[in-house]
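Engineer: My structure is below; once you've seen it, I'll send some questions.
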């Protein structure tokens, strides 16, 4: 959500672990279209030219957008530098990404350029890398590096898929991947037609005496839920205090009733925050209604929808959608 909850809600959950030897690891790119190269991709930091189909792809991200896109396109990166600070392989990548083929590096404190260079990559995907402005100069000396288009966090899942597909020479495959992901959205909307027109709110409790909540149609989480036919409740957009340019706002305890909607989605970073919220007398009607408590992995996937986490997170929303009639 807002910058104050970055790393918990807005940055997604990705894998981290120990570095392993990858001297024999290569990216799986056998079906790359050789005629797609050389290809030049323009982004915020300049124009990057990739001369031939990459064989050793390194991904650096605060969320898994590039990683998910590459895996969905049939490419196994040789390494993923995780900047999210979260532990464990995300559920939607279980069985798809693991240390046997992909080094999973905890880069929460920053990316070590020498460590990246030791992997001898021929492509670095970093369109989801928060802090890339401080790293791009060194990374681009190691291998062709693709950064975000204009600013971090502003690219949709379709845009992430498109740029990764162009970099990997797999634009034809990307069409099917996009169709499959959009199909999961369309199928769920058709499964719950009574959700159309109903209101929702989505929030996280991670601070004493405050609830952070989504307030903008520009937020990718809002767009994903609204693609199912629901509408963001105007009560939060009117009441929440927001930072300039932020898609999220905050509510104080005397405003918690503003979160009431046909579907109320909330995640908590600790049981104490959940107890405090639910103990507020204004929350009683919310608890009695369609109140869906999800874990932080779910809310993070919702905030950073990707080609692989969208079907997974939609399953997590089903219990709430089913109660809409």
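Engineer: With 159, 151, 134 as the choices, which residue is touching a residue at least 40 places away in the same chain (Cβ under 8 Å), surrounded by fewer than 24 Cβ atoms within 10 Å (Cβ to Cβ), out of contact with any helix residue (DSSP H, G or I) (no Cβ under 8 Å at 6 or more places or on another chain) and assigned by TED's automatic domain parsing to the domain that holds residue 101?
Structural biologist: 151
Engineer: How about the stretch 307-322: which of its residues are more than 22 Å from residue 160 (Cα to Cα), crowded, with 16+ Cβ neighbours inside 10 Å and touching a residue at least 40 places away in the same chain (Cβ under 8 Å)?
Structural biologist: Passing the criteria: 317, 320, 321.
Engineer: Another question, then. Which of the following residues is assigned by TED's automatic domain parsing to the domain that holds residue 41, under 12 Å from residue 61 (Cβ atoms) and part of a loop (DSSP other than H, G, I, E, B): 164, 111, 105, 89? Before the answer, list the steps.
Structural biologist: Details: 164 fails: part of a loop (DSSP other than H, G, I, E, B); 105 fails: part of a loop (DSSP other than H, G, I, E, B); 89 fails: under 12 Å from residue 61 (Cβ atoms).
Answer to the selection: 111.
Engineer: Follow-up. So which of 76, 47, 120 ends up being modelled with pLDDT of 95 or more and outside any loop (DSSP other than H, G, I, E, B)?
Structural biologist: Of the residues listed, the single one that is modelled with pLDDT of 95 or more and outside any loop (DSSP other than H, G, I, E, B) is 47.
Engineer: Could you tell me whether residue 139 is part of a loop (DSSP other than H, G, I, E, B), touching a strand residue (DSSP E or B) at 6+ places or on another chain (Cβ under 8 Å) and at pLDDT 95 or above?
Structural biologist: no
Engineer: Run down 2, 27 and say which single residue is touching a strand residue (DSSP E or B) at 6+ places or on another chain (Cβ under 6 Å), buried (at least 24 other Cβ atoms within 10 Å of the Cβ) and either in the same structural domain as residue 165 (by TED's automatic domain parsing) or modelled with pLDDT under 95 (or both).
Structural biologist: Result: 27 is the single residue among 2, 27 that is touching a strand residue (DSSP E or B) at 6+ places or on another chain (Cβ under 6 Å), buried (at least 24 other Cβ atoms within 10 Å of the Cβ) and either in the same structural domain as residue 165 (by TED's automatic domain parsing) or modelled with pLDDT under 95 (or both).
Engineer: Moving on. Among the residues of the stretch 229-249, write down those that are closer than 24 Å to residue 325 by Cβ and crowded, with 20+ Cβ neighbours inside 10 Å.
Structural biologist: Passing the criteria: 230, 232, 233, 236.
Engineer: Also: Collect the residues in the stretch 40-63 that are touching a helix residue (DSSP H, G or I) at 6+ places or on another chain (Cβ under 7 Å) and either closer than 25 Å to residue 305 by Cα or without any contact (Cβ under 8 Å) to a residue 24 or more places away in the chain (or both), keeping them in residue-number order.
Structural biologist: 41, 45, 57, 58, 59, 61 - these are the residues of the stretch 40-63 that are touching a helix residue (DSSP H, G or I) at 6+ places or on another chain (Cβ under 7 Å) and either closer than 25 Å to residue 305 by Cα or without any contact (Cβ under 8 Å) to a residue 24 or more places away in the chain (or both).
Engineer: Mind telling me which of the residues 52, 96, 83 ends up being on the phi < 0 side of the Ramachandran plot and more than 19 Å from the chain's Cα centre (by Cα)? Steps first, please.
Structural biologist: Numbers: 96 fails: more than 19 Å from the chain's Cα centre (by Cα); 83 fails: more than 19 Å from the chain's Cα centre (by Cα).
Only one candidate passes the filter, namely 52.
Engineer: Evaluate the stretch 271-290: report whether one residue or more is surrounded by fewer than 21 Cβ atoms within 10 Å (Cβ to Cβ) and under 20 Å from the mean Cα position of the chain (by Cα).
Structural biologist: There is no residue in the stretch 271-290 that is surrounded by fewer than 21 Cβ atoms within 10 Å (Cβ to Cβ) and under 20 Å from the mean Cα position of the chain (by Cα).
Engineer: Could you grab me the full set of residues in the stretch 214-235 that are under 11 Å from residue 250 (Cα atoms) and more than 17 Å from the chain's Cα centre (by Cα)?
Structural biologist: 215 - this is the single residue of the stretch 214-235 that is under 11 Å from residue 250 (Cα atoms) and more than 17 Å from the chain's Cα centre (by Cα).
Engineer: While we're here: State all residues of the stretch 234-261 that are more than 15 Å from residue 214 (Cβ to Cβ) and either outside the structural domain of residue 203 (by TED's automatic domain parsing) or out of contact with any helix residue (DSSP H, G or I) (no Cβ under 6 Å at 6 or more places or on another chain) (or both); if no residue qualifies, say none.
Structural biologist: Answer for the stretch 234-261, where residues must be more than 15 Å from residue 214 (Cβ to Cβ) and either outside the structural domain of residue 203 (by TED's automatic domain parsing) or out of contact with any helix residue (DSSP H, G or I) (no Cβ under 6 Å at 6 or more places or on another chain) (or both): 244, 252, 253, 254.
The values are calculated or read from the model by the stated rules, or taken from the named source; none is laboratory data. Remember, predicted model here, so these are calculated numbers, not experimental data. Please note: Cβ atoms are built from the backbone with ideal geometry, for glycine as well, and neighbour counts cover all protein chains shown.
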